[in-house]
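Chemist: Below you'll find the structure I mean.
The values are calculated or read from the model by the stated rules, or taken from the named source; none is laboratory data. Given the structure is predicted, the values throughout are model-derived calculations rather than measurements. All Cβ positions, even for glycine, are placed from backbone atoms using ideal geometry, and neighbour counts span all protein chains on display. The protein model used for the area step is the full one, side chains on, heavy atoms only, and it has no ligands, DNA or RNA in it. Shrake-Rupley method; radii C 1.70, N 1.55, O 1.52, S 1.80 Å.
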Amino acid sequence: GKFAAELLHKHEDTPAGQVKLEVDINTMPAELIKPVLAEIVDPSKLEAALKTLSGKWIKPVQLDSLGLNNIHGIVFKFDPKEICLVPYEFAEGLMFVSESGLVDNDFVDNLNNFINNFVNYIEKNNLTNIIILQFLGAIEIDGQ
């Protein structure tokens, strides 16, 4: 998969019992997106821009309303006490690390090495409360 190291950040408080869920931007209520688009799009082209909009947005969702078999973590913080990466932002669907859904042993070994090196680096440099790991999406493996 494609990953990025980022600064730990917070969008806004998430109420108890809710998580941040990444969804298609076309599910965003028009009353939320129109004022943002109006700042960057000619008013006469606003409706057309809304129809061609693509991307993702993060929305708060009740944890008990989610199908836990149909979400995956996209932003992870290392927990040194538990010695693991803990997801704190999620996306709909399954997590595919390759576009084909197929991986080989070399890919798995490289992914494990990458994650271990990432964790070792942030621990060694006291960055566990500064740097996070974000899953950006699947990669293509050898043209598959």
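Chemist: Kindly provide the set of residues from the stretch 132-144 that are modelled with pLDDT of 85 or more and in contact with an Asp or Glu (Cβ under 7 Å, 6 or more places away or on another chain), ordered by number.
Modeler: I132, Q134
Chemist: Looking at V41 and the list (1) surrounded by 13 or more Cβ atoms within 10 Å (Cβ to Cβ); (2) within 21 Å of Q134 (Cα to Cα); (3) modelled with pLDDT of 85 or more, which single condition is not satisfied?
Modeler: (2)
Chemist: Separate question: Is it the case, given these coordinates, that S65 is of a type in the set (S, T, Y) and at pLDDT 80 or above? Before you say what the answer is, go through the steps one by one.
Modeler: Values: of a type in the set (S, T, Y): yes; at pLDDT 80 or above: yes.
So S65 fits the description; yes.
Chemist: Report, by residue number, each residue of the stretch 77-111 that is under 19 Å from I132 (Cβ atoms) and at pLDDT below 80. Spell out the reasoning first.
Modeler: First pass over the stretch 77-111, keeping only residues under 19 Å from I132 (Cβ atoms): 77-91, 95, 97, 111.
Hits for the stretch 77-111 are M95, V97.
Chemist: Now for a separate question. Kindly check whether there is at least one residue in the stretch 112-124 that is assigned to a loop (DSSP other than H, G, I, E, B) and modelled with pLDDT under 95.
Modeler: No, every residue in the stretch 112-124 fails to be assigned to a loop (DSSP other than H, G, I, E, B) and modelled with pLDDT under 95.
Chemist: Now for a different question. For H11, which of the numbered conditions (1) open to solvent by 60 Å² or more (accessible area, probe 1.4 Å); (2) of a type outside the set (V, I, T); (3) more than 22 Å from I131 (Cβ to Cβ) fails to hold?
Modeler: So the condition that H11 fails would be (3).
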